[in-house]
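Single-structure report; data block below.
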Amino acid sequence: MSLWFPRLASDRVLRTRPVDGPFALTLTENNANRLYCLNDAAERQGLYRGMSFSDARAFCPDLVSLPARPDLDRRFLASLRRWATRWCPWVGIEDRDGLVLNITGSAHLFGGEAAMVRDMRRRFPRAGMTVRIGLGHTRGAAWARAHYGQGAALADLPVAALRLDADTATRLARMGLRTIGQLSATPRAPLARRFGAGLLVRLDQALGDQPEQIDPVQEPPHYGVRLTLPEPIGLESDVMAAAGRLLDRLCDKLRDQQAGARGLVLTVRRVDSHAQDVELRLARPMRDPARILPLFQRGVAKVDAGFGIDQIRLEAVQVEPLPAEQITQAGRRDPGRLDDLITRIGTRVGLENVQRFLPADSHIPERSFTIAPAAHAQPQGGWVSQNPRPARIFPPEPIKATGNRPPERFRWRRMALTTGRATGPERIAPEWWLDDPNWRSGIRDYWRIETREGRRLWMFYTPQNPGWFVQGEFA
C-alpha cells in the first residue's frame, strides 16, 4: 500500500492555523521566491507549484502565504509514519511526501483490504490530511495507483507512474510509448541500449518480476526507565537506593548501544501527583552506575517527599556515542576522577563556569590561548615557544623609564624595585592582518626581569613609541 500526501506541507500548517481561502507556502530557490505547496482553494484560482510568488499575488491578491519549512515537514512525515503503524508494523518513508506499507498479514485484522482503506479514508481527513491511497501486489504498482489513478489497471497508467524522471518519460512519449502496457510490449534490448538498465528495473519492480524490499524506519532507542513502588517512601536513602536500581537498568541500555549519558533527569512523583525533577549534567559521557549515583546525592537531598513518593523515573535526555575501550596489559586509562570533580563543581556553580585554557595558533601573548568550558573541551596540544611565558598575563601597565635597556630602578604598583637580572630581548611583531588597538604602537621587545626584591616580571619596550610596560609575572 502506498500513501501519498500531495499537500503535506500546507496541511501541516493548516491543521493548527486554519485559513479560509487561498493559502500557499513559499520557498526561495535560485534567488527566486516560488510557491512550494498550496491548498485546494489556491489551485482553483489557477496557481500551481513552482509558480513565481510575485505572479501568484498578481493572479490572486487575497493569497495568504507563509515561508516553507522542509525540516518541519520531514519531522511531521516521521510522525505520520509512527501513526501509520496502527495498521501494520512495516511502514517506511517514500520520497518527501509519502509512506509505503507492507500490509501482508495485517489486512485481515481490519476485515480486509477494502475495510482498511475505508478506515484510512475516514481517519486522515479527520486529522486534516489530504491522502491518496494506492494498492498493488508490488511496491511500484501501489505507488503508481496512488499517484496516477486509484483502482486503475497498471497497463493503462502513463509511463511516468514507473517512478521515472521527467526527461525519460518525455523521451518515451516521443517514441509513442505513453502507457506501461505499451512499454512492456516493446522489445527490451533496444530500450536497455537507449535508456539504460534503470528503466527496465523500474518496469520489472512494478510488474513483480524483480523484488523491492520495504525497509521500515527503526525507532530510536529510548533511554528511560521507571519504577513504581508498592508503598510510598520518603527517606533520602530509599530514594537513592531506587535511583541506583534504575541506573543499573539505564546503563545496561546505554552499554548495548555503545552510548553514554551527558544529561540525566530523575523525576520523583509523590502520592498527591506532584512531580519534582532532579537534573544532572555530566562533564563527560558516562554509563558507570557507581560513578553517576553519588552525583545525584545533592539534588535528591533537596526533594520534598511530602506524604510519600510512589513512582521514580530516570531518563537520559542527552546521549553521546561512547564506544568500548580496549584494556591493555598496562591497565586502563584514567578512570575519570577529574570528570567527576568537574561534574560535582558544575552542579554547584554551573558546568559553563568551570573553564580551562586551550592553546591557540598565535604568537601574540594575549591571543595564544582561548578559554572554553571544561565539560565541552578536551585538553589538546600544548604551547610551543622558544622562550618561556609567565603564568600570569594581564593588560600592559606602564612604568616610568627611559632608554631601550631595562631600567636599573623603577616603580610598579607602588613598589620600588631594582633589576637584578635581565634576559632578552625577544622581539614580537604585531599581526598586520588584524587591527588590534593594543598593538598599534608597533613591535615590542620583551624582557624577563628578575628583581632583587623577588619579583620576576615580564616587561616590554616599544621602540616606535618609546615606553616601558609590565605585562606579566612569572611564578
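The values are calculated or read from the model by the stated rules, or taken from the named source; none is laboratory data. The shown structure was predicted, so the numbers you read here are calculated from the model rather than taken from an experiment. Ideal geometry is used to build each Cβ from the backbone, glycine not excepted, and the neighbour counts take in all protein chains shown. Surface accessibility is based on the protein's heavy atoms, side chains included, excluding ligands, DNA and RNA. Shrake-Rupley method; radii C 1.70, N 1.55, O 1.52, S 1.80 Å.
For the subset of the range 89-105 comprising residues that are more than 16 Å from L14 (Cβ to Cβ) and part of a loop (DSSP other than H, G, I, E, B), which member is least open to solvent (accessible area, probe 1.4 Å)? Lay out the reasoning, then the answer.
As a first pass, look at the range 89-105 and keep what is more than 16 Å from L14 (Cβ to Cβ): 89-96, 98-105.
Narrowing further to those that are part of a loop (DSSP other than H, G, I, E, B): 89-90, 95-96, 102-105.
Details: P89: 92, W90: 118, D95: 109, R96: 146, N102: 59, I103: 19, T104: 119, G105: 56 Å².
The qualifying residue least open to solvent (accessible area, probe 1.4 Å) is I103.
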Worksheet entry | Residues that are in contact with an Asp or Glu (Cβ under 9 Å, 6 or more places away or on another chain) and of a type in the set (D, E, K, R), drawn from the range 280-316 | R284, R287, R291, D310
Worksheet item: Within the range 401-426, how many residues turn out to be at pLDDT 90 or above, among the β-branched types (V, I, T) and either under 42 Å from the mean Cα position of the chain (by Cα) or open to solvent by 60 Å² or more (accessible area, probe 1.4 Å) (or both)?
Response: 0
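Output the helices (runs of 4 or more DSSP H) that fall wholly within the range 176-236 and possess 1 or more residues being in contact with a Leu (Cβ under 8 Å, 6 or more places away or on another chain) and either closer than 30 Å to D256 by Cβ or hydroxyl-bearing (S, T, Y) (or both), or say none. Please lay out each step first, then the result.
Details: elements: 180-184, 188-195, 197-207.
Those helices (runs of 4 or more DSSP H) span 180-184.
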Worksheet item: Which of the residues that make up the range 284-304 are touching a Pro at 6+ places or on another chain (Cβ under 9 Å) and either open to solvent by less than 40 Å² (accessible area, probe 1.4 Å) or modelled with pLDDT of 95 or more (or both)?
Response: P285
Worksheet item: Here is a list of conditions, (1) modelled with pLDDT under 85; (2) under 22 Å from A242 (Cα atoms), and R313 meets all of them except one; can you say which number that is?
Response: (1)
Worksheet item: Any idea which of (1) under 22 Å from the mean Cα position of the chain (by Cα); (2) loosely packed, with under 15 Cβ neighbours inside 10 Å is the one D252 doesn't satisfy?
Response: (1)
Practice prompt. Would you mind stating whether D304 is among the acidic types (D, E), assigned to a loop (DSSP other than H, G, I, E, B) and without any contact (Cβ under 8 Å) to a residue 60 or more places away in the chain?
Written response: yes
Discussion item. Just the residues that are among the aliphatic types (A, V, I, L, M), over 15 Å from S2 (Cβ atoms) and at pLDDT 95 or above, please, taken from the range 115-128.
Written reply: A115
Item to complete: Pick out the one residue from A41, A58 that is among the small types (G, A, S) and touching a residue at least 12 places away in the same chain (Cβ under 8 Å).
Response: A41
Worksheet entry | Single unsatisfied condition, F296 versus (1) in a strand (DSSP E or B); (2) within 32 Å of the chain's Cα centre (by Cα) | (1)
Discussion item. For R123, only one of the following conditions fails: (1) touching a residue at least 12 places away in the same chain (Cβ under 8 Å); (2) surrounded by 14 or more Cβ atoms within 10 Å (Cβ to Cβ); (3) closer than 26 Å to D11 by Cα. What is its number?
Written reply: (1)
Discussion item. Looking for something modelled with pLDDT of 85 or more, open to solvent by 100 Å² or more (accessible area, probe 1.4 Å) and not in a loop (DSSP other than H, G, I, E, B) - is there at least one such residue anywhere in the range 320-330?
Written reply: yes
Practice prompt. Would you check which residues across the range 427-472 are acidic (D, E) and buried (at least 16 other Cβ atoms within 10 Å of the Cβ) and list them?
Written response: D445
Item to complete: For residues that are within 36 Å of the chain's Cα centre (by Cα), surrounded by fewer than 18 Cβ atoms within 10 Å (Cβ to Cβ) and free of Cβ contacts under 8 Å to residues at least 60 places away in the same chain, tally how many sit in the range 126-162.
Response: 1
Worksheet entry | Pairs with Cβ under 9 Å, 6+ apart, first in the range 377-402 and closer than 17 Å to A360 by Cα and among the basic types (K, R), second surrounded by 11 or more Cβ atoms within 10 Å (Cβ to Cβ) and at pLDDT 90 or above | R389/W458; R389/G472; R389/F474; R392/W458; R392/G472; R392/E473; R392/F474
Discussion item. Report every pair of residues separated by at least 6 positions or lying on different chains whose Cβ atoms are under 6 Å apart, first residue within the range 10-22 and over 17 Å from R75 (Cβ atoms), second of a type outside the set (A, V, I, L, M) and open to solvent by less than 40 Å² (accessible area, probe 1.4 Å).
Written reply: P22/C60
Worksheet item: Only one of these conditions is not met by R202: (1) of a type in the set (K, R); (2) crowded, with 18+ Cβ neighbours inside 10 Å; (3) without any contact (Cβ under 8 Å) to a residue 40 or more places away in the chain. Which number is it?
Response: (3)
Response to the item:
Expected single match for surrounded by fewer than 15 Cβ atoms within 10 Å (Cβ to Cβ) and within 20 Å of E473 (Cα to Cα) among P379, P365, P398 is P398
Worksheet item: Does the range 260-278 include one or more residues that are under 30 Å from G336 (Cβ atoms), modelled with pLDDT under 95 and open to solvent by 80 Å² or more (accessible area, probe 1.4 Å)?
Response: no
Worksheet entry | All positions within the range 205-249 that are open to solvent by 50 Å² or more (accessible area, probe 1.4 Å) and of a type in the set (S, T, N, Q) | Q210, Q213, Q218, T228, S237
